[in-house]
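The values are calculated or read from the model by the stated rules, or taken from the named source; none is laboratory data. As the structure is a computational prediction, the values presented were derived from the model and not from experiment. Here the Cβ positions follow ideal geometry from the backbone for every residue, glycine too, while neighbour counts run over all protein chains shown. Accessible surface areas use protein heavy atoms only, side chains included; no ligands, DNA or RNA. Shrake-Rupley method; radii C 1.70, N 1.55, O 1.52, S 1.80 Å.
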Amino acid sequence: MSTAATSFPERNAVEVADLVLAPEAAAPEVLARRARQRRQMYAGQVASYSLGAFVLLLYAYDGAIHMNVPSLFWVGGLLIIGIFVVMSEAGVGEKRSDHYLTVFQISAHMALQFVFLVSVPTIGIAFVSVLFLIFAFGTLRMTSAQAMLTWVIATCALAAVFLGSDLPIGMPVATRLQRIASMLCFVLVIGQCAFLGLFGATLRKILYRRSIELKAAYQRIEELAELDELTGSYNRRCIMRLLDAEMEKSRQAAAPCAIALIDLDWFKRINDAHGHPIGDEVLRTFAITIFANIRPDDRFGRYGGEEFLLLLPGTASEPASRTLDRLRSIVAELDWSAFSPGMRVTISAGVVTLRDNDTADTFLARADSALYSAKAQGRNRIATS
């Protein structure tokens, strides 16, 4: 006379949350969890029908209904559950977005309640009350369209029974046993609705927690997508996007903006003489050094190979040149011998400030020209353009 989603709401809500957040192309372990979740749900439904049949048995024992009604109700419920179990194990639901086949399950269970409502109207209120439980179960999984569809079906069936017939739909309370059975009908339905409410509340909490975790994970992924794996600085795609943004902000605020294209001098020689692992460590150390000596608003990214781009928003030509010369001195004075005895690393940089007619390409081209000039003058120096 009733249906239930499953037992142990906390554990199963966790599993449902995993399934909701699982990718569309389910992995084998996800499919296995789905199957386990459905089996638990069907086991709960068997328990619910068994409790309902027990209440009907009390009515039958008192003589309010025929003795065949409890067994027929129980068998009918098990038959519906069995059909969906077979479909579940055959993977029929996996081919649909709603792998629980919720609308079909709700429709089948409602149909059974209406069959017994019409067949045994003297205890019809007991079967009508179960509709609340069925819909409480359905709301955990139905979409708005599915909920509207099943509600229309239920409304039409109720209209046919209450308005299209004169069946004496009631709830017998003439004897002590009938009152006990009637009470149990409502107690069981209320209890199982409360269980489903607990299950839904737990599911919402877990989904909220998982959404926070997913948001943090996506944020981390976005950060990684913006960073150069080796140096931890912004990658070329990101630093170019930031360059466009800084140029736009500079023009809107009528503020200066400078950039510096930085190159590690003779870096190919370092790789050739000491190996690529040492070269990678040199790049990492250089990037850490720059990060430690620039302002929070400055942006530093790997432009390509051993070339790096430094954005200096709100900085005019002279301060930008002084900043780069300070960075050049810091890099040159580092003790690079920790990587290899006698190693020395220096940088050259081309520093330019934004002009009214600059595009990102022309801005970078002028910085590249200044960098070329610094190299032509002997490296380990700063040039402007």
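Pull up the range 331-340, narrow it to residues that are outside any helix (DSSP H, G or I) and not aliphatic (A, V, I, L, M), then point me to the one that is farthest from Ala260 (Cα to Cα). Break it down into steps so the answer makes sense when it comes.
Applying the first criterion (outside any helix (DSSP H, G or I)) to the range 331-340 yields 334-335, 339-340.
If we keep only those that are not aliphatic (A, V, I, L, M) as well, we get 335, 339-340.
Details: Asp335: 24, Phe339: 27, Ser340: 28 Å.
The residue in question is Ser340.
Among the residues of the range 341-370, count how many are touching a helix residue (DSSP H, G or I) at 6+ places or on another chain (Cβ under 8 Å), open to solvent by 20 Å² or more (accessible area, probe 1.4 Å), part of a loop (DSSP other than H, G, I, E, B) and hydroxyl-bearing (Ser, Thr, Tyr).
Total satisfying the criteria: 0.
Would you call His66 closer than 25 Å to Gly170 by Cβ, within 33 Å of the chain's Cα centre (by Cα) and not hydrophobic (A, V, I, L, M, F, W, C)? Even if it seems obvious, please write down each step before you answer.
On the way: closer than 25 Å to Gly170 by Cβ: yes; within 33 Å of the chain's Cα centre (by Cα): no; not hydrophobic (A, V, I, L, M, F, W, C): yes.
Here the answer is no, as His66 does not meet what is asked.
Out of contact with any strand residue (DSSP E or B) (no Cβ under 7 Å at 6 or more places or on another chain) and surrounded by 13 or more Cβ atoms within 10 Å (Cβ to Cβ): which single residue out of Gly164, Gly232 fits that description? So that I can check it myself, show each step before the final result.
On the way: Gly164 fails: surrounded by 13 or more Cβ atoms within 10 Å (Cβ to Cβ).
Of the residues listed, the single one that is out of contact with any strand residue (DSSP E or B) (no Cβ under 7 Å at 6 or more places or on another chain) and surrounded by 13 or more Cβ atoms within 10 Å (Cβ to Cβ) is Gly232.
Do we have Phe132 as closer than 23 Å to Tyr59 by Cα and touching a Phe, Trp or Tyr at 6+ places or on another chain (Cβ under 7 Å) here?
Working: closer than 23 Å to Tyr59 by Cα: yes; touching a Phe, Trp or Tyr at 6+ places or on another chain (Cβ under 7 Å): no.
Answer is no for this residue.
Report whether or not Arg322 is open to solvent by 40 Å² or more (accessible area, probe 1.4 Å), at pLDDT 95 or above and not hydrophobic (A, V, I, L, M, F, W, C). It would help to see each step written out before you state the result.
Numbers: open to solvent by 40 Å² or more (accessible area, probe 1.4 Å): yes; at pLDDT 95 or above: yes; not hydrophobic (A, V, I, L, M, F, W, C): yes.
The answer is yes for Arg322.
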